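Values quoted throughout were computed directly from the atomic coordinates according to the rules given, and no laboratory measurement underlies them. Treat the numbers as computed from the prediction; the structure is a model and nothing was measured. In this analysis, Cβ positions are derived from the backbone assuming ideal geometry, glycine residues included, and neighbour counts consider all displayed protein chains.
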Amino acid sequence: MEKETVNQLIDHQELLFAFQQGAIQLINEKKELNQINVFPVSDGDTGSNLASLMQSILEVTHEESQSVLDVFEKVADAALIGARGNSGIIFAQYFNGIYTHLLDSEEKNSVKSFVSSVKSAISEAYQAIENPVEGTIITVMRSWAEALNEGEQRSTLEVKLSAALTAAKEALENTTEQLKVLKKNQVVDAGARGFYVFIKGFTQAFIDKKSGSQHGVSDEIPSSPTFQAMTHPDTEEPAYRYCTEVLLDQVELTKQEIQDKIKHLGDSLIVAVNRGKARIHIHSNEPTTVLEIVGEIGAIRQQKADDMLLQYQISQEKKASIALVTDSIADLPADYLLREQIHVLPMNILLGETSYIDKVTIQNQHLFTLMKKQKQRATSAQPAVRTVENLFSFLENKYDSVIVITVADKLSGTFQAVKQAVKRTTSQARIEVIDSRLNSGAQGLLVMKANEWIKEGLAFETIVEHIKKKREHIEILVSVDDLNPMIDSGRIPQIAGRAAKRINVKPIVSLSKEGEGKLSDFSFSLEGNERKIFKKLKMMYKSQGIKNYAVLHADSFEKAEVWSKKLETEFELPASYIMDISSVVALSAGQGCVAVAVELADRGGN
């Protein structure tokens, strides 16, 4: 005789196993979810975002837990921290809602409390979304939760889960008819499918564990007629460029209060709040403004700003079968990066307890202003490992191969971090990670050259070989007034730097062939330093020839323009671009610095 549901208890170890199986199933489906992602933006990353969330859940469910409540607390915390994208944050709020309602239950490990909390948490998931849209993940969540609460009270959890899964499957299939963009492209909603895949694995784990699959849950997952299609022509370009997300701590405002403060900055606003933490998601053209406002709400612990416009354009029509990736230290104009579909791993700037995204949520002027205001020095950090893994996850089903050109290994840990991420990836694509041995505009010129070879259709191995040879023919010369930032950041030899500082001389700063900072051609004034840089450039032009060059600066555009005009006259060639350098480079070069990166002619003709 079956136990009454009110008396049936959940074993916390079986619950852990169910979460693990649901997470694994979703991770295994990430490519397919990316392929059918058309709402709210056809940027092809829903699967990658949900897989990232599930990886966070897997990590905590492998830890020892003491009770059902303990399991849900760990999952709720991991979900809030690891959530990415619209669906991921709705997932996170839902898990947190279930945990919150379980806290108020008398029997926290009973099936009755579980199914009741699952239904009650739906209202919190809806409240997290500024404008809930039916036919998405929230619809399937609601259908599943309502079905789980229906039926005979004497039914076991396994029977209830099986029936609820059937209801969720029907709701998922119906999403195609509920949203115009889904119907046009003949797909189900990617986020909704992700939820279904998760609860299917979750349900199967309980059934297999308890009854050897006697309830017979179907292995079939609703598919879409255009399942294998890589492009969806019946979609629109995103109205806002950046998918901006922030994790806050020490939050006292409600979800509604937070929504009211930033909803004017974009759309697709979702706010998940629980126990002093908040995960905020918004599509916006002003990620810097978003960060400034939410920074007053709580302490910023994480942030990201994915370029949805780039993702959309690649999903619609990629320009090459080889993906080109660099980091944000490579100084290249933003319009060039978008036009040429070059992917950028963002470096991080740390100031106080806040982390900023180089070139996205912080620029040079803002950096110098903040340091002066807060009277403290910022530091830099390489891209997070999860950020690198998420990018590879996005690229793996869109490109045959990937070339990554990083800042000099001697200057940053980025090269090693990317190499480690490549070792962990399951991607079948060929991936080559190349230490540029350069930085700033010099690294940018190398990336431009690699892009030219990709566009010419050269073989992957040939391009890699050309890039490694080209490193020897690109240089950068930097003029700085104050050596202290470079000394403090360790970007130049400490002994030589301090010696030059003591006698107040101005050296030319450049890079060795191995990518280490070096000092040469000392002058007793900034004007003398600049004359020596121009003299050295003229010698390069006469002896080797200059094929291409860029002028860089840190909050010193007028001087950079003067340099550019002089060089154009001397070389009879305009600069490829003039731009403000990366905030990370500016941090070590100092405000007011100016630099010239040059690509020298080489006998190989590349």
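When the pairs 398/518; 423/518; 31/423; 169/261 are compared against a 29 Å limit on Cα-Cα distance, 398/518; 423/518; 169/261 fall above it. Principal-axis analysis of the Cα atoms of the chain puts helix 460-470 at an angle of about 40° to the longest axis.
If a spin label sat at a point 7 angstrom from the Cα of residue 317 along the line to its beta carbon, the backbone N atoms of the stretch 234-248 nearer than 20 Å would be those of 234-239. Note that the stretch 92-99 has calculated 3J(HN,Hα) couplings of 4, 5, 5, 4, 5, x, 4, 4 Hz, one per residue in order, obtained from phi through the Karplus relation 6.51 cos²θ - 1.76 cosθ + 1.60 (θ = phi - 60°); glycine and proline are x. Of all lysines in the structure, the ones whose alpha carbon falls short of 18 Å from that of residue 565, not counting any fewer than 8 places away in one chain, are 532, 535, 536, 538, 547. Do any GluC sites (Glu not before Pro) in the stretch 109-160 lie in a loop, going by DSSP, with at most 16 other beta-carbon atoms within 10 Å of their beta carbon, and if so which? Those that pass, being in a loop and sparsely packed, are 134, 150, 152. Between the alpha-carbon centers of the stretch 90-156 and the stretch 323-385, tell me the distance in whole angstrom. Between the Cα centres of the stretch 90-156 and the stretch 323-385 lies a distance of 39 Å. For the chain, a crude dipole built from +1 on the beta carbon of Lys and Arg and -1 on the beta carbon of Asp and Glu, taken about the Cα centre, is about 2280 debye to the nearest 20.
Full extension of the chain between residue 250 and residue 289 gives 12.0 nm of extra length, using 0.36 nm per residue less the Cα-Cα distance.
Under the simplified labelling scheme, the residue 62-residue 524 pair shows an inter-label distance of 6.4 nm, with each label point 7 Å from Cα along Cα→Cβ. Exposure proxy for 368, 114, 534: other Cβ atoms within 10 Å of each Cβ, ordered fewest to most, give 534, 368, 114.
Express in nm, to one decimal, how much length is gained between residue 562 and residue 31 on full extension, taking 0.36 nm for each residue of separation and deducting their alpha carbon distance.
Extra length available between residue 562 and residue 31 comes to 186.2 nm.
In this structure, residue 123 and residue 452 have a Cβ-Cβ separation that, at R0 = 51 Å, corresponds to a calculated FRET efficiency of about 0.40. FRET efficiency for the pair residue 173 and residue 338, taken as 1/(1 + (r/R0)^6) with r the Cβ-Cβ distance and R0 = 41 Å, rounds to 0.65.
The trypsin sites (Lys or Arg not before Pro) of the stretch 557-606 that DSSP puts in a loop, and whose beta carbon has at most 11 other beta carbons within 10 Å, are 603. Where both bridge residues fall in the chain, DSSP classifies roughly 75% of the beta bridges as antiparallel.
Report the far tail of the P(r) of the stretch 473-600, meaning the percent of Cα-Cα pairs longer than 19 Å. The partial results should precede the final answer.
Values: 3647 of 8128 pairs.
When every Cα pair of the stretch 473-600 is considered, 45 percent fall beyond 19 Å.
Dividing the Cα radius of gyration of the stretch 239-317 by 2.2 N^0.38 Å, with N the residue count, gives 1.11.
The GluC sites (Glu not before Pro) found in the stretch 13-109 that occupy coil by DSSP, while having at most 12 further C-beta atoms within 10 Å, are 63, 64, 106.
With only Cα atoms counted, the stretch 76-164 has Rg and Dmax values of 13.3, 39 Å. For the stretch 135-149, 3J(HN,Hα) computed residue by residue from phi via the Karplus equation (6.51, -1.76, 1.60; θ = phi - 60°) reads x, 10, 4, 5, 5, 5, 4, 5, 4, 5, 5, 5, 5, 5, 8 Hz, glycine and proline entered as x.
Annotation: extensible slack from residue 544 through residue 425 equals 38.7 nm (criterion: 0.36 nm per residue apart, minus Cα-Cα distance). Spacing of the modelled spin labels on residue 369 and residue 481, each 7 Å from Cα toward Cβ, amounts to 2.0 nm. Expressed as a fraction of 2.2 N^0.38 Å, the value expected for a compact globular protein of N residues, the C-alpha radius of gyration of the chain is 1.08. Considering helices alone, the calculated mean residue ellipticity of the chain at 222 nm is -15500 deg cm²/dmol, with DSSP H runs of length four and up weighted by -39500 (n - 2.57) and normalised per residue.
Ranked for footprinting exposure by Cβ neighbours inside 10 Å, fewest first, 58, 345 give 58, 345. Basic side chains Lys and Arg get +1 at the Cβ, acidic Asp and Glu get -1 at the Cβ, and with that the dipole of the stretch 46-169 about its Cα centre reaches some 360 debye.
The charge dipole of the stretch 249-361, taken about the Cα centre with unit charges on the Cβ atoms of Lys, Arg (+1) and Asp, Glu (-1), comes to about 380 debye, rounded to the nearest 20. When the chain is described by a simple charge dipole with +1 on each Lys and Arg Cβ and -1 on each Asp and Glu Cβ, the residue from 550, 537, 459 located farthest towards its positive end is 537.
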